[in-house]
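The values are calculated or read from the model by the stated rules, or taken from the named source; none is laboratory data. These figures come from a predicted structure and were not determined experimentally. Virtual Cβ from ideal backbone geometry, glycine too; neighbours counted across all protein chains shown. The protein model used for the area step is the full one, side chains on, heavy atoms only, and it has no ligands, DNA or RNA in it. Shrake-Rupley method; radii C 1.70, N 1.55, O 1.52, S 1.80 Å.
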Amino acid sequence: MSGVLSNKIINKLKYTSQNTGQQAWLIGGYVRDLLLKRDCKDIDVVVLGSGIDFAKQFAENLNDKVLVTYFKNFGTAQVKYRDFEIEFVGARKESYQRDSRKPIVEDGTLEDDQKRRDFTINALSISLNAKDAETLYDPFNGLDDLKNKIIRTPLDPDKTFSDDPLRMMRAIRFATQLGFEIEEKTLKSIADNKQRLEIISGERIIAELNKIILSNEPSIGFRYLFDTGLLNIFFPEMVALQGVEWIGGKGHKDNFYHTLEVLDNVAKHSDNLWLRWAAILHDIAKPATKKFFEGEGWTFHGHEDKGAKMVRPLFRRLRLPLNDKMKYVEKLVFLHLRPIALTKETVTDSAVRRLMVEAGDAIDDLLILCQSDITSKNEAKKKKYLANLEIVKQKIADVGEKDRLRNWQPPITGKDIIQNFKITDPKQIGTLKNKIREAILEGGIADDRNQAFEYMIKEGKAMGLKTVSSLETTQNK
Ligand code: CTP
């Protein structure tokens, strides 16, 4: 591992271990991300003995501005230094009771501590000690799993997940973020232990879910959540989207897999978590509005309206914020059919303008959602929808530009002209104002107050007008 740990923090950690004689190792996400060459600002350090004593000494050795917090009850400490957070914990052996996440903790060795970790790739540790500095300790072949892109628990997965059921969500989150596969036994154990997620707080579940949603390809995580049965525990409304019903040889599309496609499409165009949530929820009311009509086939009339109404109660239950982010998601779910519906009639300026007013600042995001929603497997149909959407986009841009110009005012007003030339003749004022306006519209000068001001002075002089400052100079002579 030589050469990779060269920054000041690591050097001070090594120095502290040497100085105090207290053994210490880097462990967890920092080691994993270091090996994956991913940026990581959270450094976990495990020490033999007291994490608090080591942290105190380390903070002193840094000899710089730091913020140190001690958690005496847990025997841990955190040092904030620049944009890094360094956590210190004494090596421990943990065992858990079935109905609680609170562990019974005893002091332990490095290996005890590695065993209580969630995944082999998170149990890797690097020594900070003088005798074997930078040696990698990898009792569970985490390095191989990193290379082969595998998520696997160090111990029997039933034990690891039973100790802390949140780890089932974490397994899926890491698989999604890193593009790894969950090893078969580990995956089966998640399915077997899914009910244990019920002891985990909604806030912690949603924090993991949001990390899945913010990954490059969120559908990976949702497929795992669906297949293991976890999704049904905290988000049955999404599970209800799955499946195809047939009547008289006519089926509708599977709205769960369609939603995942829309979500992945949105993820290619935007990092906005709430736009991604709008993709997840855009068809959420389809099961509740589904009807079959002879001759017409399957319909989901009003699913956008009913879906928008489902957003608030869902956000409340899922522990998502009930603020303007929620209102934005409601709005996008409600409007998600409108841009395409516009293309089915003659697209009038007023229809476009009405949509722009309703969508407000969310108009560009609505167009991303709408475009992402075109997932037809029929290439000709897809092409037609996309071309129609382009027409709507162009219309929106045109109407926007027309409205902007209609409401546009030059940066120099009549009042500016009166004040600078001390004139009152409306004809002269109007002529000069018009010249400035034309110069900007023709592109001779920019739509900018300074440039327009200079232009006003120049043109005013050319018209034989005197500026206030030159009038004052003449009077003073
Ligand atoms: N850990 C664990 N079980 C958990 C949470 C954490 O075993 N439920 C261990 C893992 O070894 C993990 C380390 O604690 O690597 C640090 O946890 P955390 O900071 O939550 O995760 P990271 O692995 O650092 O990853 P990320 O920052 O992406 O959450």
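Quick notes on this one:
- Rule-of-thumb Rg ratio for the range 330-477 [Cα; 2.2 N^0.38 Å; N residues]: 1.65
- Two-decimal Rg to Rh for the range 134-196 - Kirkwood Rh, Cα set: 0.99
- Filter on K291/K393; K159/K194; K37/K147 - keep pairs with C-alpha separation over 20 Å: K291/K393
- Close amide-amide hydrogen proximity is noted between N129 and A24, E134, each under 5 Å apart and 5 or more residues distant or on a separate chain (H modeled in the peptide plane; Pro and chain starts excluded).
- When the trypsin sites (Lys or Arg not before Pro) in the range 347-378 are filtered for DSSP coil states and for at most 12 other beta-carbon atoms within 10 Å of their beta-carbon, the remaining sites are K377.
- Cα pair distances of the range 271-405 binned at 5 Å [whole percent]: 2, 10, 18, 19, 20, 16, 9, 5, 1, 0, 0
- Largest first and in whole Å, the equivalent-ellipsoid semi-axes of the range 149-234 read 17, 16, 11, each the square root of five times a Cα gyration tensor eigenvalue.
- Heavy atoms of the protein chains alone define the surface here; on that basis the range 3-148 has 50 Å² accessible area per residue at 1.4 Å probe size.
- Sequence of L225, L36 when ordered by accessible area, the most exposed leading, probe 1.4 angstrom: L36, L225
- Above 16 Å, the calculated P(r) of the range 5-70 contains 47 percent of its Cα-Cα pairs.
- Using a probe of 1.4 Å on the protein chains alone, the accessible area found for V357 is around 110 Å².
- Rel. contact order, % - alpha carbon contacts under 8 angstrom, at least six apart, the chain: 8 percent
- Note on the range 318-394: along the principal axes its Cα atoms extend 42, 32, 15 Å, ordered by decreasing extent.
- Label-point separation in nm, I418 to E106, each point 7 Å along Cα→Cβ: 9.0 nm
- Surface accessible to a 1.4 Å probe, M310 within the full protein complex, Å²: 50 Å²
- Pairs of alpha carbons in the range 414-475 whose separation is greater than 20 Å (percent): 23 percent
- For the chain, size of Cβ-based charge dipole, Lys and Arg +1, Asp and Glu -1, in debye: 1360 debye
- Using the Karplus relation 6.51 cos²θ - 1.76 cosθ + 1.60 with θ = phi - 60°, the per-residue 3J(HN,Hα) values for the range 117-133 come to 7, 6, 10, 4, 6, 9, 9, 5, 9, 10, 6, 10, 8, 4, 5, 9, 3 Hz, with x marking Gly and Pro.
- 3J(HN,Hα) along the range 25-37, derived from phi through the Karplus expression 6.51 cos²θ - 1.76 cosθ + 1.60 where θ = phi - 60°, amounts to 9, 7, 8, x, x, 5, 5, 4, 5, 4, 5, 8, 6 Hz, with x in place of Gly and Pro.
- Sorting the segments 318-331, 446-459 by their mean number of nearby beta carbons within 10 angstrom, highest to lowest, gives 318-331, 446-459.
- Cα lying deepest toward the dipole's positive end in the range 414-475, options I445, I457, F421, charges on Cβ: F421
- Extending 7 Å from Cα along the Cβ direction at R317 and again at E198 yields two label points whose distance is 1.5 nm.
- Its alpha carbons considered, the chain gives a radius of gyration followed by a Dmax of 31.8, 100 Å.
- Charge dipole of the chain about the Cα centre (unit charges at C-beta), most positive-ward option of L209, I412, S219: I412
- Inter-probe distance in nm under a simple model that places probes 7 Å from Cα toward Cβ, at A130 and L405: 7.9 nm
- When the chymotrypsin sites (Phe, Trp or Tyr not before Pro) in the range 354-422 are filtered for DSSP coil states and for at most 14 other beta-carbon atoms within 10 Å of their beta-carbon, the remaining sites are W408.
- The range 374-434 versus the range 40-96: alpha-carbon centroid distance in Å: 57 Å
- Shape summary: the range 3-148 maps onto an equivalent ellipsoid whose semi-axes, from the alpha-carbon gyration tensor, are 22, 20, 14 Å in decreasing order.
- Heavy atoms of E438: accessible area, 1.4 Å probe, square angstrom to 10: 80 Å²
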